[in-house]
1. I'd like the distance between the alpha-carbon centres of region 122-187 and region 58-106, rounded to an integer number of Å.
2. Within a 10 angstrom radius of the beta carbon, how do W26, W202, W70 rank from fewest other beta carbons to most?
3. Pick out the long, greasy-scoring helices in the chain: whole DSSP H runs spanning 30 Å or more along their own axis by Cα, mean Kyte-Doolittle at least -1.0.
4. Over every pair of different alpha-carbon atoms in the chain, take the mean of 1/r and invert it; report that Kirkwood radius in Å.
5. For region 34-141, give the magnitude of the charge dipole about the Cα centre (Cβ charges: +1 Lys/Arg, -1 Asp/Glu; no others), in debye to the nearest 20.
6. Amide H of F199: which non-local residues (sequence gap of 5 or more, or other chain) have their own amide H closer than 5 Å, using H built in the peptide plane?
7. Read phi for every residue in region 164-176 and hand back ³J(HN,Hα) as whole Hz from Karplus 6.51 cos²θ - 1.76 cosθ + 1.60, θ = phi - 60°, with x for Gly and Pro.
8. So what is the relative contact order for region 5-76, in percent, with contacts set as C-alpha pairs under 8 Å and at least six apart?
Amino acid sequence: MPAGHVVQPPVGPRHVAIIMDGNGRWAQARGRPRLFGHHAGARRVREVVEACPDLGIKYLTIFAFSTENWKRTQAEVAGLMSLFRRYITRETRALAERGVRVRFIGDRVRLDAKLVALMDQLERATAENEGVQLTIALNYGSRDEVARATKRLAQDVAEGRLRPEDVDEETLPRYLDTRVLPDPDLVIRTSGEARISNFLLWQSAYAEYEFIDTLWPDFTAAELTRLCKSFGARDRRFGAVPA
Ligand code: IPE
Ligand code: IPE
Ligand code: MG
């Protein structure tokens, strides 16, 4: 090796987004109700958040509840909403102490007022933190997000704040819920399903994807580490031919 040559370590993902799927099947495999799986899944989040700094992950975005998940039984939806309230109440202090900044994306209009108040409070309590930037997608759907964004964009045009001829690729992202976040580099889906289920469609145009069989309640920091390593070995071309 020539003198002075520095071997660059593989670059890991800066923004990882996770579709946390498989809680129901995990519970079913144990003969337990689906909510048992959701509780086990929620408990996995802390380990994953804590693993981020060492892996160089600055942004972690997790899919907790989709705009389509309202189609589930009333009991499961109510159980999930109560789990979200409990999760926020229980985790606020640990998140704040670890320097994690929490944001929520998704439409809050359909969520109950008590939950929204807790979400606002957690965002405010961690607003100054500069550690891991954790984004929780709750009542989030990409198509819903784009529809809401387009509505605001159209309003700006109608009221003369934006000229149609100035609309380009940079315009829409400024109206999305994710406007302050970089695009995800790596999107992971657990549970063996190889689909996106309406998650970050615009933002993930050039993300790398990992579909793994592990059910979310079994996901560990070790598995995240392995996925980040294999991400570092990938050749991201963004449409260009490497020189
Ligand atoms: C993911 O687990 C959590 C939510 C969608 C809220 P699921 O509840 O979808 O689990 P499976 O896919 O039925 O196993
Ligand atoms: C996607 O999982 C949503 C979340 C993980 C919150 P789903 O289980 O709802 O997705 P489908 O129904 O299998 O596409
Ligand atoms: Mg599922």
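Read the figures in this text as sums done on the coordinates, not as results from a lab. This is a predicted model, so every value here is computed, not measured. Here the Cβ is made from the backbone with ideal geometry for all residues, glycine too, and neighbour counts use every protein chain on show.
1. 19
2. Listing W26, W202, W70 from fewest to most nearby Cβ atoms yields W70, W202, W26.
3. Working: long enough: 34-55 (33 Å, -0.29); 74-97 (35 Å, -0.16).
In the chain, the long hydrophobic H runs are 34-55, 74-97.
4. 19.4
5. Here region 34-141 has a charge dipole of around 340 debye.
6. S142
7. Each residue of region 164-176 in turn: x, 5, 8, 6, 9, 4, 8, 6, 4, x, 6, 9, 6 Hz.
8. 42
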